[in-house]
Amino acid sequence: MIETNDPNLRCWLDEANDAACDFPIQNLPLGVFTRRGEDTDRRRVGVAIGRHVLDLSIAWPELCPDLAGLGASLFSQPTLNPFLASGRRTWTLVRNRVSRWLRTTSAELRDNGELRVRCLIPMSETVMHLPVEIGDYTDFYSSKEHATNVGMMFRDPSNALLPNWKHLPVGYHGRASSVVVSGTGVHRPCGQTNPEDAPAPNFGPCRLLDFELEVGFITGPGNELGRPIDVNHAHEHIFGMVLVNDWSARDIQKWEYVPLGPFTAKNFATSISPWVVPIDALDPYRVRTPRTEGDPPVQKYLDGAWDWNFDLNLQVGLQSTQMRERGDAPAIISRNNFSLMYWNMCQQLAHQTITGCNVRPGDLYASGTVSGTTPDSRGSMLEICWKGTQPLTLSTGEQRKFLADGDTIIMTGACHRPGLPRIGFGEVRGTILPAIGG
Ligand code: MN
């Protein structure tokens, strides 16, 4: 076991030892923050611990005078990119040091009240920013249950998966510029639609606006152009994971996607959670990638890393404007688990780079919509309401087939199992704002 994952470690900040806490000492996710009221050009790197943010731009030089320069170059920065580019050896060094400062057995920060006040900030007094300047964003389609549901709805129920699906991780290159951090409002997009397959399309605000529950990973130094990443070494290129909401305009998508795939139906916004959870912290929750008898063998370059799925519980909440005004809690509209993904992130990275395509620090790769095998574990409105044929009824009596203006989608995720610490992701939240123009 990695030393920083020892379930017996305790933090002197007692709230972090609470079994329900997303951010115990075994997690230590990194994010980018400012204090409330500060200018955004003061953005810097912090670690989530309990209900606090540990400011690494202050703590590191004080507690690691031997490596003070490293702290300035990695943590007094508006994004995690320099840290991501520094590579796995530095990631481990940082994780080990931060873990030691926070243990009950360590007094250097605990007993330094002056330093603690400066570098340990309640989350309620912070603003989280996009953690990474994302150079490239790829979205996969790796949940067999999701691909099967979509295939059943739009094509042939008896032949739902296309012939390529079990042979390669299907994906497309997405739009990086519109990836936003949790809490950012999302305007309903406008675009072309042709719901009745008429001779000419319509233009206007999207009417079938949807979310997609996904999990993303963020890469480190990457590979040289022309040199593929070996599937069995792919994990070395991955720093950590975030929750992803891949907002989707289904009516726009239906009209535009032939023959080159998703375009404007997906490019208006993608929301991610602010804390990047290190894959090292998730190591105790690794599980085997599912295959059953009858699944075809895979090409050699994809045949490896068969134990890089994660037992990660996921949940989606929906709260309408009326629910918010009445004080009704969000309706939980999906509960599922990331472990069932047919293709894992190592195989995805091997596939993306098999041509020699290069990966850079801070690229974002999303899993594709995560759906389970039961009706309560579907990862999009399209599937939950089965193409609008099974509307949801909310606590206010309102009905939903897709998302309405004012609706907030809240996705949460956490690994938890008896005897192991909870490794939480926090949340990714976004509210639909009215269309502009149209
Ligand atoms: Mn997607």
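The values are calculated or read from the model by the stated rules, or taken from the named source; none is laboratory data. Since we're looking at a predicted model, the values are computed, not measured. Methodologically, a virtual Cβ is constructed for each residue, glycine included, from the backbone with ideal geometry; neighbour enumeration extends over all protein chains shown. Accessible surface is based on the protein model in full, side chains and every heavy atom, while ligands, DNA and RNA are left aside. Shrake-Rupley method; radii C 1.70, N 1.55, O 1.52, S 1.80 Å.
Go through (1) open to solvent by 20 Å² or more (accessible area, probe 1.4 Å); (2) assigned to a strand (DSSP E or B); (3) not acidic (Asp, Glu) for Ile409 and report which single condition fails.
Every listed condition holds for Ile409 apart from (1).
Condition check ((1) in contact (Cβ under 8 Å) with a residue 12 or more places away in the chain; (2) within 16 Å of the ligand (Cβ to nearest atom); (3) more than 26 Å from Val32 (Cα to Cα)) across all residues:
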{"residue": "Asn309", "(1), (2), (3)": "yes, no, yes"}
{"residue": "Leu312", "(1), (2), (3)": "yes, no, no"}
{"residue": "Gly317", "(1), (2), (3)": "yes, no, no"}
{"residue": "Arg324", "(1), (2), (3)": "yes, no, yes"}
{"residue": "Asn336", "(1), (2), (3)": "yes, yes, yes"}
{"residue": "Met345", "(1), (2), (3)": "yes, yes, no"}
{"residue": "Ile354", "(1), (2), (3)": "yes, no, yes"}
{"residue": "Val359", "(1), (2), (3)": "yes, no, no"}
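Only one of these conditions is not met by Thr193: (1) in contact with an Asp or Glu (Cβ under 6 Å, 6 or more places away or on another chain); (2) within 16 Å of the ligand (Cβ to nearest atom). Which number is it?
Evaluating Thr193 over (1) in contact with an Asp or Glu (Cβ under 6 Å, 6 or more places away or on another chain); (2) within 16 Å of the ligand (Cβ to nearest atom) leaves (2) as the failure.
What is the one condition in (1) assigned to a loop (DSSP other than H, G, I, E, B); (2) surrounded by fewer than 20 Cβ atoms within 10 Å (Cβ to Cβ) that Pro169 does not satisfy?
So Pro169 meets the others, but not (2).
If I filter segment 12-60 down to residues being free of Cβ contacts under 8 Å to residues at least 24 places away in the same chain and among the small types (Gly, Ala, Ser), which single residue comes out as nearest to Pro284 (Cα to Cα)?
So the residue we want is Ser57.
Return only the number of the condition from (1) closer than 29 Å to Trp386 by Cβ; (2) in contact with a Gly (Cβ under 9 Å, 6 or more places away or on another chain) that Asn344 does not satisfy.
For Asn344, the exception is condition (2).
So, in segment 331-348, how many residues would count as being open to solvent by 10 Å² or more (accessible area, probe 1.4 Å) and part of a strand (DSSP E or B)?
Qualifying residue count, segment 331-348: 6.
Would you say Ile423 is over 27 Å from Arg326 (Cα atoms) and open to solvent by less than 70 Å² (accessible area, probe 1.4 Å)?
It is true that Ile423 is over 27 Å from Arg326 (Cα atoms) and open to solvent by less than 70 Å² (accessible area, probe 1.4 Å).
Can you tell me which residue within segment 172-195, out of those that are under 20 Å from Val370 (Cα atoms) and of a type in the set (Ser, Thr, Tyr), is least open to solvent (accessible area, probe 1.4 Å)?
Among those residues, the one meeting the criterion is Ser182.
Which one of these does Phe154 not meet: (1) modelled with pLDDT of 95 or more; (2) within 16 Å of the ligand (Cβ to nearest atom); (3) open to solvent by 20 Å² or more (accessible area, probe 1.4 Å)?
Just one mismatch for Phe154, condition (1).
In segment 196-220, which residues are of a type in the set (A, V, I, L, M, F, W, C) and either open to solvent by 60 Å² or more (accessible area, probe 1.4 Å) or free of Cβ contacts under 8 Å to residues at least 60 places away in the same chain (or both)?
Hits for segment 196-220 are Ala198, Ala200, Phe203, Leu208.
Can you tell me which residues in segment 131-148 are touching a Lys or Arg at 6+ places or on another chain (Cβ under 9 Å) and either open to solvent by 20 Å² or more (accessible area, probe 1.4 Å) or more than 16 Å from the ligand (Cβ to nearest atom) (or both)?
Gly135, Asp136, Lys144, Glu145
Here are some conditions: (1) in contact (Cβ under 8 Å) with a residue 40 or more places away in the chain; (2) within 24 Å of the chain's Cα centre (by Cα); (3) assigned by TED's automatic domain parsing to the domain that holds Gly46. Pro169 meets all but one. Which one does it not meet?
(3)
Among the residues of segment 251-272, is there at least one that is within 16 Å of the ligand (Cβ to nearest atom), open to solvent by less than 10 Å² (accessible area, probe 1.4 Å), in contact with a Pro (Cβ under 6 Å, 6 or more places away or on another chain) and at negative phi?
no
Quick check on my filter: what residues within segment 253-305 are of a type outside the set (D, E, K, R) and free of Cβ contacts under 8 Å to residues at least 24 places away in the same chain?
Passing the criteria: Gln253, Tyr257, Val258, Pro259, Leu260, Phe263, Thr292, Gly294, Pro297.
Which of the residues that make up segment 199-228 are closer than 30 Å to Gln399 by Cα and more than 26 Å from the chain's Cα centre (by Cα)?
If the condition is that a residue be closer than 30 Å to Gln399 by Cα and more than 26 Å from the chain's Cα centre (by Cα), then Pro201, Asn202, Phe203, Gly204, Pro205 are the ones that fit.
Which condition from (1) in contact with a strand residue (DSSP E or B) (Cβ under 8 Å, 6 or more places away or on another chain); (2) away from the ligand (no atom under 16 Å from the Cβ) is the one that Asp111 breaks?
Single failed check for Asp111: (1).
Which numbered condition in (1) open to solvent by 30 Å² or more (accessible area, probe 1.4 Å); (2) over 23 Å from the mean Cα position of the chain (by Cα); (3) among the hydroxyl-bearing types (Ser, Thr, Tyr) is the only one that Thr92 fails?
Result: Thr92 passes all but (2).
For residues that are farther than 19 Å from Leu243 by Cα and in contact with a Gly (Cβ under 9 Å, 6 or more places away or on another chain), tally how many sit in segment 364-404.
Number of matching residues: 3.
Of Asp328, Asp376, which residue is open to solvent by 10 Å² or more (accessible area, probe 1.4 Å) and part of a loop (DSSP other than H, G, I, E, B)?
That would be Asp328, the only listed residue that is open to solvent by 10 Å² or more (accessible area, probe 1.4 Å) and part of a loop (DSSP other than H, G, I, E, B).
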